[in-house]
């Protein structure tokens with residue numbers, strides 16, 4: 001598969017979100033990732049973002065995340 005360069009622009013009002021928890025739901029048609037910010041001391045959390053992927057894209061995402069983490073931590077972990 002040929003790699004294409006895709007230019008992505010960011011909306012001026014886009015803001016990053018922090019999540020310390022994720023729940024994954026899987027069906028035959030989709031994979032749903034629900035990211036939340038949990039405040040344990042308060043006993044509650046807030047849904048920060050919900051991402052819906054096709055199973056095919058979820059597998060690609062898993063591979064990309066796995067490859068990226070392996071590259072990062074093999075370079076940056078103390079020996």
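Read the figures in this text as sums done on the coordinates, not as results from a lab. Keep in mind that what you see is a predicted model, and the values were worked out from it rather than measured. Neighbour counts are summed over all protein chains in view; Cβ atoms, including those assigned to glycine, are modelled from backbone coordinates with ideal geometry.
Of the set (1) more than 30 Å from residue 3 (Cβ to Cβ); (2) surrounded by fewer than 12 Cβ atoms within 10 Å (Cβ to Cβ); (3) within 15 Å of the chain's Cα centre (by Cα), all apply to residue 46 but (3).
Scanning the stretch 27-63 for residues being more than 20 Å from residue 16 (Cα to Cα) and either in contact (Cβ under 8 Å) with a residue 60 or more places away in the chain or part of a helix (DSSP H, G or I) (or both) gives a total of 11. Residue 23 satisfies every condition listed in (1) outside any strand (DSSP E or B); (2) loosely packed, with under 12 Cβ neighbours inside 10 Å; (3) under 17 Å from the mean Cα position of the chain (by Cα) except (1).
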